Structures are given as structure tokens and as C-alpha cells.
Amino acid sequence: MQQKIELKPGQKLITDKDFEVAISRKIEIKAMQNGMQIRPAATIVGYNDSSIRMSDGSVIHRAANTFFV
């Protein structure tokens, strides 16, 4: 049986599955770099191993930033 992933406020997105859940549920995500929010909160529309594409059109480097619900 597959475990259902729940994303809670303040939770860090780490795995591809976390990003897939955030995309499917259209959850607003904060992109942070060195503890500072670098963009306004937005939903994620796509991702790959190296970057995240946000709904505002920005592309954010995945390895250099952290993403929070």
C-alpha cells in the first residue's frame, strides 16, 4: 500500500515526490536562499533534477535554494 504524502506549513520540499504533490495540489511555495526569501510565494508548475519552474515564470536553481510550503 502506498503512503499518502501530506505537506504541512513550514515543511521543506526535498524529494521529487514532494514537488509532485505540491504541483498537483497547487500549493504556494517559498523559495529561500541563505535564509532569505528570494521570490514572492508562488505555485510550482514544473521541475527537473537541476531547476524548479514557478508559476510566475521564474526558473530557480534547485541545488542552490531550498523550498518550503
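Here are a few things to note about the model shown:
- Ignoring aspartates and glutamates fewer than eight residues from K17 along the same chain, the ones with Cα atoms less than 13 angstrom from its Cα are E6, D49.
- A full extension of the chain between S51 and K12 corresponds to an added length of 12.5 nm, given 0.36 nm per residue minus the alpha carbon distance.
- Using θ = phi - 60° and Karplus 6.51 cos²θ - 1.76 cosθ + 1.60, couplings along the stretch 29-39 (whole Hz; Gly, Pro as x): 10, 9, 8, 10, 9, 6, x, 10, 6, 9, 9
- Which labelled figure in (1) 19, 13, 12; (2) 36, 11, 8; (3) 21, 15, 10 is semi-axes √(5λ) of the Cα gyration tensor in Å, once derived from the coordinates: (1)
- Database remark: amide H of S51 closer than 5 angstrom to the amide H of R62 (H placed geometrically; neighbours at sequence offset of 5 or more, or on other chains; Pro and chain starts carry no H).
Each reported figure results from applying straightforward, stated rules to the coordinates on display, with no laboratory input. What you are looking at is a predicted structure, and each value in this text was computed from that prediction instead of being measured.
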